[in-house]
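Each remark here refers to the structure printed beneath this line.
The values are calculated or read from the model by the stated rules, or taken from the named source; none is laboratory data. Predicted model, so just to flag it, every value in this text is computed and none were measured. Backbone-built Cβ (ideal geometry, glycine too); neighbour counts: all protein chains shown. Accessible surface areas use protein heavy atoms only, side chains included; no ligands, DNA or RNA. Shrake-Rupley method; radii C 1.70, N 1.55, O 1.52, S 1.80 Å.
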Amino acid sequence: MNKGARAGIGFYLAILLIAIIGIYMYYESMQNQVEEYTINQFQSDLKEGEVSRVVLKQNEEVPTGVVNVSFRKGSSRSFYVSDVNIITEQILADYPDVKVYISDVDRPGMLAQILPYIIIGGICIFLFMMITSQSAGGGGGNKVMGFGKSKAKMTNGEEINVDFTKVAGLQEEKEEVKEIVDFLKEPQRFVEAGARIPKGVILVGPPGTGKTLLAKAIAGEAKVPFFSISGSDFVEMFVGVGAARVRDLFEEAKKNAPCIIFIDEIDAVARRRGSGLGGGHDEREQTLNQMLVEMDGFGVNEGIIVIAATNRVDILDPAILRPGRFDRKIAVGKPDVKGREEILAVHTRDKSLAEDVDLHQIARTTAGFAGADLENLMNEAAIYAARDMRRFIKKEDIDRAFIKVGIGTEKKSRLVPEKERRITAYHETGHAILFHLLPDVGPVYTVSIIPTGMGAAGYTMPLPENDNVFMTKGKMLQDIKVSLGGRIAEELIFEDITTGASQDIKQATAYARAMVTKYGMSEKLGLINYESQEEDEVFLGRDLGHARPYGEAIAKVIDEEVKRIVDECYQDAKAIIMEHMDVLHRCSELLLEKERIDQTEFEALFVG
Ligand code: ADP
Ligand code: MG
Ligand code: ZN
């Protein structure tokens, strides 16, 4: 939107500029036309008695003079001569009735001479500013920084109208950023206590889940200035501009500390460096480097907190996630039923609802909706109500809005049919039970059947494991079993099986193969590395056909061994799940109801 508007203004200004230059050139050529009048023409005009008046202009410094001839018809023309005295003495002597005036050559003043250039230059600068600076529209307290500056929008703390009450359903996330708010409110207290506050926080989650909202709410809660810029703003111009903008942004922020710098879509700048096959992207790399330099440069407690948002943490350059940079990662997920109900409540706060509107019911039917989708839903409903000249929203409006919004959302986040939800619930529970019961994996932190927006129908997340230097054979086998758990649960409950477990199977196979070919964990094959150097080969561009360092017979044994390991794990895992069918059912039911359950809720299922 903004960009379009800017381009529009630029376009009109360009036309105006061209018009001005055109007029100027036309005017110049008009003057030249006047000079085409010659002394010979003048003499013949004199003879014919056409000339009424002659003005001669010459002064000492100027070698040429100008003869300005007025005719009886009223028009006038001019020509140049080397010496006006020739005119007075030789030509005009014969025509006493022609009035002759002598005047100084009128030299155009300095200003008049350079005025056109000033105007054109001014227009050029103005044009450039219009194109580079962000349009200031759309915000009371927003201030766009000056020309050639960082392009960030700064909002003063008092003018931010978002606080935590506007952010619904992100209870844990708000909890996590609470200390940042406290720090920004009273940095001094933290400095005195010697506490270390993160410099950078990265919010990761699917679009529309409230990352921008949360970042803004932190600034709103702490009442500190909020600088916001999008990663793509750094990379749209010439090489070096992005880096300069970063420098500017941090400089400006330092002047306003304590404050928050919010970098939306950070993946636009912070993609893995040098990963593109077609050579690096210089501009982006420079910008990223500058950002890292700036972040390393300011002290831990200087009062600047950089918050970044992305929906693709996997493509980020690992350098930005290092300690002292964005070392705090907060996952902002799609809301569960309860979260959705809270978000609906926030977005209906200033709308009147008819009694037939049941937010809980709407929350139940909108699995997979992100906060932005829910906001959109209520907004569309309000529009339907307004079209009917009603001041309140009826259930019917919401149902109609649901069809409209649902179609758009279907593409993005896909509404999940009930059957699929059931399968996902059992699948995830299968993983979770094994995580919980096997000794070296788990414990389970969250089980969820909320679509992640990145292709997964649900997820089971263990607590981050302790830093094992070595993987043991036992743990690897357990990992394989956990991977197979989802598929096993599906098999036990439903007649048919789905394709949903393909990733799990791939993972299990990869583990088993690594055990055999890399870690010497198969007795049949012994302590020999059978890995093919495929990765190196890709880089060296060698013929892939020769990648295997062993013969057919060995290849066959490897395949058999991999199959044996996976099969044994499968049997083991199946036995464990079958022993806990009651948990499988109860956990799946709970998941269908709540969509996401935490460690305590999950572990309680084993007690009952
Ligand atoms: P993101 O930055 O994650 O893409 P935004 O913060 O831009 O998402 O969210 C867009 C809009 O959706 C917000 O302005 C808000 O109206 C609504 N929204 C999203 N998440 C929430 C939430 N948790 N609570 C309330 N409103 C939300
Ligand atoms: Mg956003
Ligand atoms: Zn799975």
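You can think of it this way: the chain between PHE128 and ARG189 has 17.4 nm of extra reach, that is 0.36 nm per residue less the Cα-Cα gap. First check a/c for segment 324-381, with a ≥ b ≥ c the square roots of the eigenvalues of its C-alpha gyration tensor; if it is under 1.5, answer rounded, and if not, answer prolate when a/b is larger than b/c or oblate otherwise. Prolate is the answer for segment 324-381, as a/c is 1.5 or above and a/b outweighs b/c.
Give LYS174/LYS199; LYS153/LYS394; LYS473/LYS524; LYS223/LYS338; LYS475/LYS524 a once-over and call out the pairs whose C-alpha atoms are over 27 Å from each other. From the list (LYS174/LYS199; LYS153/LYS394; LYS473/LYS524; LYS223/LYS338; LYS475/LYS524), the Cα-Cα distance tops 27 Å for LYS153/LYS394; LYS223/LYS338. Within the shell of other residues whose beta carbon sits under 13 angstrom from the beta carbon of ILE597, the net charge comes to -4, with Lys and Arg scored +1 and Asp and Glu -1. Beyond 29 Å in Cα-Cα separation lie the following of the pairs LYS166/LYS395; LYS419/LYS563; LYS185/LYS594: LYS419/LYS563; LYS185/LYS594.
The value obtained for segment 197-251, namely the Cα convex hull volume divided by the number of residues, is 111 Å³ per residue. Packing here is the average count of other Cβ atoms within 10 Å per residue, and on that basis the peptides 200-208, 260-268, highest first, run 260-268, 200-208. Excluding same-chain neighbours fewer than eight residues apart, the lysines reachable from LYS47 by a Cα-Cα span under 20 Å are LYS73, LYS99.
The accessible-area ordering, largest first, of the residues GLU593, GLU490, GLU158 stands as GLU158, GLU593, GLU490, per a 1.4 angstrom probe.
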